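Reviewing the structure listed below.
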Amino acid sequence: MDDVGRLGLGIIGCGGHAVHHVRNLGERFYVVGVCDPDWKAREKISAPMAYEYPGHLCAAKNVDAVLICSPDDWHLTHIQSALSAGKHVFCEKPLLVPEQNISALVALFAIARECGLVLTTCHPRRNDEPFLWLKDQLLRSIGEFGSVLSFSFDFSYHKPSNEWKTARSLLLDHVNHEVDLMNFLFGLQGFGAMKLHDGFDRYDVVGKRDDGVTFHFQGTRRLDAGIYPEWCRVRFERGEIELDMMRGVARIIDHEERDVEVVPNLAIDYDGRLCGVMTDFAQEIDGEPGYLSIPEMLMNTEAGIILQQEGWQRVEIRR
């Protein structure tokens with residue numbers, strides 16, 4: 001940490017995600033170095049030092065923490081490099097890909113814990129106003145409408161902006177977010193599920209948690225406009241909550257009274273939520289509990305790998 005109390009941040013991978021993160025680092029971080037094999041990519045982020053190799057960045061003494069935004073296949077390797085150099089790590093999801101073994105990630109979490117280092121990832125919906133409102137609303141709604149029966153989430157994003165994304169699994173890229181949101185709202189549970197479809201521009205998954213709550217996750221990347229509409233629905237025994245993040249409104253529906261309450265001003269703040277996860281990262285480095293537990297991160301990661309398989313699959317909680 002430097003003399004003004006801020007944390008020196010090194011960035012591995014200087015693509016669009018990294019640029020967006022840099023715009024929303026919060027007050028505790030400042031960029032001291034970037035690393036990318038493409039020198040043109042390195043120039044996208046202003047930093048005193050630029051490196052071609054991740055090991056050189058991780059070894060730099062003024063780097064307190066590393067933000068990993070490299071391609072998915074390299075996440076596991078770059079996490080290991082940063083932890084080996086004694087750096088705290090914030091890595092974009094997914095933390096590993098299907099060709100890699102989850103036991104390797106379990107071992108890295110154990111190393112981080114033994115060395116007193118933070119290893120975390122990016123699930124910014126936990127800092128979104130609509131979902132914070134929904135989590136707060138759930139207890140009141142359960143009291144009024146009975147237990148939760150089902151949860152669904154749907155998104156309709158723009159077409160991939162880069163050619164390489166057309167070879168990428170949308171399920172692997174996004175189901176970890178949906179699983180994390182479900183656990184954030186209702187608590188961590190094992191579940192069974194199966195994929196109905198997976199491609200670069202559409203995915204569809206259905207399943208059932210151990211507490212009996214069923215779920216349905218789906219999404220597409222087929223819009224011409226650069227926008228990110230999202231919707232979710234919680235179904236209770238005698239009512240439901242519909243959340244429309246595109247319009248920033250919620251509808252609380254009482255089935256017995258046939259009454260509908262509209263709640264406005266629930267739009268997503270894309271910059272604010274990224275600032276929120278980086279603030280959480282800094283606070284965890286300072287010794288506060290992390291916003292994600294290790295079992296949650298392992299489940300989110302493993303879900304994307306397991307659910308790419310055909311048929312009904314089981315996802316367990318790893319301790």
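Against the numbered list (1) more than 20 Å from the chain's Cα centre (by Cα); (2) outside any loop (DSSP other than H, G, I, E, B), Leu243 comes up short only at (1).
Considering each of Gly226, Gly239, Gly248 in turn, give the residue that is farther than 20 Å from Asp180 by Cα and buried (at least 19 other Cβ atoms within 10 Å of the Cβ). Even if it seems obvious, please write down each step before you answer.
Values: Gly226 fails: buried (at least 19 other Cβ atoms within 10 Å of the Cβ); Gly248 fails: buried (at least 19 other Cβ atoms within 10 Å of the Cβ).
Testing whether each residue is farther than 20 Å from Asp180 by Cα and buried (at least 19 other Cβ atoms within 10 Å of the Cβ) leaves just Gly239.
Of the residues in region 135-143, none is out of contact with any Cys (no Cβ under 9 Å at 6 or more places or on another chain), farther than 25 Å from Asp210 by Cβ and either not in a helix (DSSP H, G or I) or not aliphatic (A, V, I, L, M) (or both).
Yes/no per residue for (1) closer than 18 Å to Glu129 by Cα; (2) of a type in the set (Val, Ile, Thr); (3) touching a residue at least 12 places away in the same chain (Cβ under 8 Å); (4) in contact with a Ser or Thr (Cβ under 9 Å, 6 or more places away or on another chain):
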| residue | (1), (2), (3), (4) |
| --- | --- |
| Asp210 | no, no, yes, no |
| Asp224 | no, no, yes, no |
| Ala250 | yes, no, yes, no |
| Val262 | yes, yes, yes, no |
| Asp269 | yes, no, yes, no |
| Cys275 | yes, no, yes, no |
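I'd like to verify a number: residues in region 203-223 that are surrounded by 15 or more Cβ atoms within 10 Å (Cβ to Cβ) and either at pLDDT below 95 or basic (Lys, Arg) (or both), how many?
3
Residue by residue through region 228-240, note down the ones that are assigned to a loop (DSSP other than H, G, I, E, B) and over 18 Å from Phe145 (Cα atoms).
Here is the first cut: in region 228-240, the residues assigned to a loop (DSSP other than H, G, I, E, B) are 228-229, 237-238.
Listed by number, the residues that qualify are Tyr228, Pro229.
Residues in region 148-171 that are at pLDDT 95 or above and among the hydrophobic types (A, V, I, L, M, F, W, C): Val148, Leu149, Phe151, Phe153, Phe155, Leu170, Leu171.
Does Leu117 fit the bill of being part of a loop (DSSP other than H, G, I, E, B) and either more than 22 Å from Phe191 (Cα to Cα) or within 17 Å of the chain's Cα centre (by Cα) (or both)? Before you say what the answer is, go through the steps one by one.
On the way: part of a loop (DSSP other than H, G, I, E, B): yes; either more than 22 Å from Phe191 (Cα to Cα) or within 17 Å of the chain's Cα centre (by Cα) (or both): yes.
So Leu117 passes the test.
Here the condition is being closer than 26 Å to Arg23 by Cα, in contact with a Leu (Cβ under 9 Å, 6 or more places away or on another chain) and charged (D, E, K, R); of Glu52, Glu92, it holds for Glu92 alone. Screening region 27-46 for residues that are in contact with a strand residue (DSSP E or B) (Cβ under 7 Å, 6 or more places away or on another chain) and among the hydrophobic types (A, V, I, L, M, F, W, C) and picking the one that is surrounded by the fewest Cβ atoms within 10 Å (Cβ to Cβ) gives Ile45. Flag not set for Arg314, criterion: modelled with pLDDT under 95, out of contact with any Cys (no Cβ under 7 Å at 6 or more places or on another chain) and among the charged types (D, E, K, R). All conditions but one from (1) within 24 Å of Glu52 (Cβ to Cβ); (2) crowded, with 23+ Cβ neighbours inside 10 Å; (3) aliphatic (A, V, I, L, M) apply to Val97; the one that does not is (2).
The values are calculated or read from the model by the stated rules, or taken from the named source; none is laboratory data. This structure is a prediction, so every number in the text was calculated from the model and none was measured. Here the Cβ is made from the backbone with ideal geometry for all residues, glycine too, and neighbour counts use every protein chain on show.
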